[in-house]
Amino acid sequence: MSNRRNRARSAVGRRWMADNAAPVTLRARKFITNRLLARRQFVLDVLHPSRPNVPKAELAEKLATMYKTEKTRVVCFGFRTQFGGGRSTGFALIYDDEASQKRFEPKHRLVQSGLETKVDKPSRKLRHERKNRAKKFRGTKKTKAAEPAKKGK
């Protein structure tokens, strides 16, 4: 009995084995050439019946060849896989040049694409604790209170 159950589980697991050579179909809907933001933008439907999902890097590569542009100018985001799999829908932007991409893209997406470096800053909680610690002092002592707390009292 348990052997039969294990065989059934493995068959289900085999169904979604990552077959990276499996064909993927891309369809662009609501295509707009946005001259003000120097980009082309559209809703992207990805049909991937024999794959669980498709990486955004691979989508960017395919879109770059389709629209004859560089891979770095293509930005894909907001993908949701339809219930039951086999189809994902998201948004794609193709910028005309790097300058307009740096100007109009949000910082977090520029960091993802490698055009910006991530700003290292302390956690939100730590920033609030330092601010509140500094509120208890006046004058030059404020800067001392805002420094990180010493370990070991």
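The values are calculated or read from the model by the stated rules, or taken from the named source; none is laboratory data. Owing to the predicted nature of the structure, the values given are computational and were not obtained by experimental measurement. Every residue, glycine among them, receives a Cβ derived from its backbone with ideal geometry; neighbour counts consider all protein chains shown. Side chains included, ligands, DNA and RNA excluded: accessible areas come from the protein's heavy atoms. Shrake-Rupley method; radii C 1.70, N 1.55, O 1.52, S 1.80 Å.
State whether one or more residues within segment 49-59 are loosely packed, with under 15 Cβ neighbours inside 10 Å, hydrophobic (A, V, I, L, M, F, W, C) and over 17 Å from Leu115 (Cα atoms).
no
Keeping to segment 60-87, report how many residues are open to solvent by 20 Å² or more (accessible area, probe 1.4 Å) and at negative phi.
Total meeting the criteria: 16.
What residue, of Leu110, Leu44, is open to solvent by less than 50 Å² (accessible area, probe 1.4 Å), more than 14 Å from the chain's Cα centre (by Cα) and without any contact (Cβ under 8 Å) to a residue 60 or more places away in the chain?
Leu44
With the condition kept exactly as written, say whether any residue in segment 129-143 is surrounded by 13 or more Cβ atoms within 10 Å (Cβ to Cβ), over 29 Å from Arg27 (Cβ atoms) and hydrophobic (A, V, I, L, M, F, W, C).
Yes: one or more hits.
Regarding Gly90, is this residue open to solvent by less than 20 Å² (accessible area, probe 1.4 Å) and under 23 Å from Ala22 (Cβ atoms)?
Considered against the rule, which asks whether it is open to solvent by less than 20 Å² (accessible area, probe 1.4 Å) and under 23 Å from Ala22 (Cβ atoms), Gly90 comes out as yes.
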